[in-house]
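Only the coordinates and a few stated rules stand behind these numbers; no lab work does. This one's a predicted model, so the numbers in the text were calculated from it and none came from an experiment. Every residue, glycine among them, receives a Cβ derived from its backbone with ideal geometry; neighbour counts consider all protein chains shown.
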Amino acid sequence: MPGAIVIAGRESREESSTRSNFPLSTKPRRRFLAGVELLGQSVFGRLVQKLEDAAFDHLSIFVESSLAPDFDDAVSDVDGYATTDVWRGAERSLIEAREAGIDCVLLVRAGAYVEFDPSDLIQLHRESGNFITRACDEHGPLDLWAIHPDIVDESRILSATLYGAGEPYYRVPGYVNRLQNLRDLRLLVADGLSSRCGFRPRGFEVRPGVWMAHGADVGRGARVVAPAFVGSDAKVSEQCLITRCSNIERNCKIDYGTVVEDSSVLTGTYMGIGLDLCHSIADGNCLLNLNREVMLQIEDPVVMRQMRNNKPRAEGYRQLPSNFRRGEAVLSVADNS
Amino acid sequence: MLTSGPVIVMQVPEQFTGGEAHNFMQEVGPLLESNRPRVVLECSQVRSMDSAGVETLLHCLEEALKRDGDLKLAALSPEAEVILELLRVARVFEIYPTSEEAVRSFNAIPVDALPQESPWYSGVFGDLGALKEAS
């Protein structure tokens, strides 16, 4: 009977210094990219949903406390899973799994978007007879492991054991986006809207390639040109143009006559009247231009701002299963049996 | 402030917002009141610009055009470029990669340099009289 653990923690300084292609290396990364809502749901939310759908007997989620605010759009009530040390939480969860007689646990560190079949990985792991099987793609190893709970050893740090493990590797056959930087984030949106991967918009395809979620409002004379996405309760005002793989996320407002081209407008962002947003990511009053690799804080609220009435999700949004146990802040185990 | 002949080159401040933009306007205003003002605003230092800054640039351009002059932008920093494009005003200005090029652009057709006895078109078409004789 397999189990699964999902952890979400910020990178250590050592790990982030190994990134060679992070375009904004001189600036701190504001948000945890796996928690950012894209095409209606975050990478983290999609991962949790995938594991739920795969019907693991035990599913544990640990989110670093400092990241919890970034996850408001990923899963509901993420505070219930917040902890200061996600790896310690994972260790305790593994010990529980061992005591419950579970022979294989899938451990995923949220970050990259990886399309894989959990049952494939578990099967390979069991056949190999090893304690640790790590997933990889053509660019190297990924933060996804199938492990035997017996690897937990009080004298060794779990993260060091996992990152130090070598072969065997499970080669992920599907699409992988490592979400290492904001350029990757735009690429994921473009690939999702262009059907190059399984990162599909959460909404209705109102015209070929044009996706809208519940409550999206497109004004008269506004044009939404495929492929594009307008999220729930987002408003696109009159005479606007949304085009070239652009996504307007939940609770955004694009005001009169503004053009959004090859850009992402993240949840709850207001874009003012008559603007030209191209090759950019807009998040509240923060604007990142990918062509020039410039990040700007726009102090003028009539140009860009975070909407004050950033409404919560509509009723009926997916909740984590009610049988999640939240007795301890550091450990949450689902038991579907 | 640097001057190069009749063309005035001015540096736009790093923080081109609210109060700074107002101070800048106070400084550049008298220059724009001359006859046919020719101004280049060098924007390489600009790190931040708000709508007050953009409004100041547009006001300067308007004043220059009103007096039959012109105002050009040069050496835009990436930040300034992004803001001007976002607010759709980049297309209103003539923009040059360096202030030297911007200054040269004012003298692209050196009318004053032509000798007065020659007709204006001789610089472009050569000596038409000689052509006539040859035909």
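Under a 5 Å amide H cut-off, with hydrogens placed 1.01 Å from N, A:L59 pairs with A:A4, A:A334 among residues at least 5 apart or on other chains. From the alpha carbon centroid of segment A:52-67 to that of segment A:181-235 is 27 Å.
Across segment A:139-151, rounded Karplus estimates of 3J(HN,Hα) from the backbone phi angles (6.51 cos²θ - 1.76 cosθ + 1.60, θ = phi - 60°) give 9, x, x, 10, 7, 8, 9, 10, 9, 8, x, 5, 5 Hz, Gly and Pro being marked x. Other residues within the sphere of radius under 12 Å centred on the Cβ of B:D68, judged by their own Cβ, net out at +2 (K and R +1, D and E -1).
Modelled spin-label separation between B:K66 and B:R47, with each label point placed 7 Å from Cα along the Cα-to-Cβ direction: 3.4 nm. Couplings for segment A:202-216, taken from phi via the Karplus curve 6.51 cos²θ - 1.76 cosθ + 1.60 with θ = phi - 60°, read 8, x, 10, 8, 6, 9, x, x, 10, 10, 9, 9, 4, x, 5 Hz in order; Gly and Pro are left as x. Each Cα pair under 8 Å and six or more residues apart adds its sequence gap; the mean of these over the residue count of segment B:2-109 is a relative contact order of 29 percent.
This ranking places A:E293, A:E167 by how few other beta-carbon atoms lie within 10 Å of each, fewest first, which gives A:E167, A:E293.
Of the GluC sites (Glu not before Pro) found in segment A:80-165, the ones in coil according to DSSP and having at most 10 other Cβ atoms within 10 Å of their Cβ are A:E138, A:E154. In plain terms, the residue of A:E249, B:E101, B:E79 with the fewest other Cβ atoms within 10 Å comes first and the most crowded comes last, giving B:E101, B:E79, A:E249.
Under the classification rounded if a/c is under 1.5, otherwise prolate if a/b is larger than b/c and oblate if not, where does segment A:203-306 fall, given a ≥ b ≥ c as square roots of the Cα gyration tensor eigenvalues? Note, shape of segment A:203-306 comes out prolate.
Evaluating 6.51 cos²θ - 1.76 cosθ + 1.60 at θ = phi - 60° for every residue in segment B:52-67, the Karplus couplings come out as 5, x, 5, 4, 4, 4, 5, 5, 4, 4, 4, 5, 5, 5, 4, 9 Hz, glycine and proline recorded as x. Amide H contacts for B:T98 (H built 1.01 Å from N in the peptide plane; partners 5 or more residues away or on another chain; cut-off under 5 Å): B:A75.
Remark on B:K72: its backbone amide H falls under 5 Å from those of B:V39, B:V40, B:L41, a criterion applied only to residues 5 or more positions apart or on other chains, H modelled at 1.01 Å from N.
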